[in-house]
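All of the numbers you see were taken from the coordinates with simple rules; none came from a lab. The shown structure was predicted, so the numbers you read here are calculated from the model rather than taken from an experiment. Cβ coordinates were reconstructed from backbone atoms using ideal geometry, including for glycine residues, and neighbour counts include every protein chain displayed.
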Amino acid sequence: MEELWPLGAGSRSYASRFHAFAEDVVARLPFGLDRVVPPTLVGYVVINGSTFALDLGLLTALHGGLHVALPIAFTVAYVTAFATSYVLNRRLNFRSHAPVGKQLVVYAAAVCVNYLAFILGLATALSAIGLEYHLARVVAGMCEAVYMYAALRWVVFR
C-alpha cells in the first residue's frame with residue numbers, strides 16, 4: 001500500500017495522484033464528454049466545492065453565530081476560502097511551477113474583480129433585496145465559479 005504523503009523517490013506525489021483521479025473521472029464521463037472536459041475542470045470542481053463549503057461554514061459562524069456584519073462576514077469567509085483554493089489549485093490541480101510572486105499578483109487581481117462583482121456586488125445586493133444570505137452566496141458562487149475557472153486556467157496558471 002502506498003503512503004498518503006509519499007517520501008520516497010519511487011512513489012507518486014499527492015499532486016500526481018490528484019491529477020490521475022481527475023483523469024479517471026473524465027474518462028468515465030458519458031456522451032463523449034470525456035473528449036471535451038479537461039481534468040483540470042474536475043479538479044477545480046473538487047477543490048472549489050470544498051473551499052466553497054469552507055466559505056459557507058465560516059460565513060454561517062461569523063454572521064449567523066457571532067453576528068458579524070454581513071459584508072465583513074462575506075469578506076473574511078471569502079478571503080480564507082480563496083487563499084485555500086489558490087494553494088490547492090496551484091499544487092494539486094494545475095501543478096504550477098511558475099514563480100509564486102508574479103502568479104500571486106495575477107491571482108489577487110482576478111480575485112479582486114471576482115470579489116467586487118460577485119461577493120460584495122451580487123451577494124450583498126441579493127441579500128439586500130430579501131434573498132436569504134446563504135442562498136445569495138450560493139447564487140453568487142455559481143457566477144464566480146465560471147469566472148474563476150476561466151481566470152485560473154487561461155490567465156493565472158496558463
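Tabulated values for the structure
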| quantity | calculated |
| --- | --- |
| Approximate spin-label separation ASP24-VAL100, in nm, with each point projected 7 Å along Cα-to-Cβ | 3.0 nm |
| Segment 25-120 - charge dipole about Cα centre, Lys and Arg +1 at Cβ, Asp and Glu -1, debye rounded to 20 | 340 debye |
| Pair CYS143, ALA109: separation of 7 Å Cα→Cβ label points (nm) | 2.2 nm |
| Computed over the chain: relative contact order in percent, which uses C-alpha pairs under 8 Å that are six or more apart | 21 percent |
| Per-residue [θ]222 nm for the chain (sum of -39500 (n - 2.57) over DSSP H runs n ≥ 4, rounded to 500) | -19500 deg cm²/dmol |
| Segment 39-156 shape via C-alpha gyration tensor axes, a/c threshold 1.5 | prolate |
| Charge context of ILE119, other residues only, Cβ under 9 angstrom, K/R +1, D/E -1 | 0 |
| Under the span-like rule (Cα at least 15 Å along the axis, Kyte-Doolittle mean at least 0.5), DSSP H helices of the chain | 39-59, 70-88, 100-114, 133-151 |
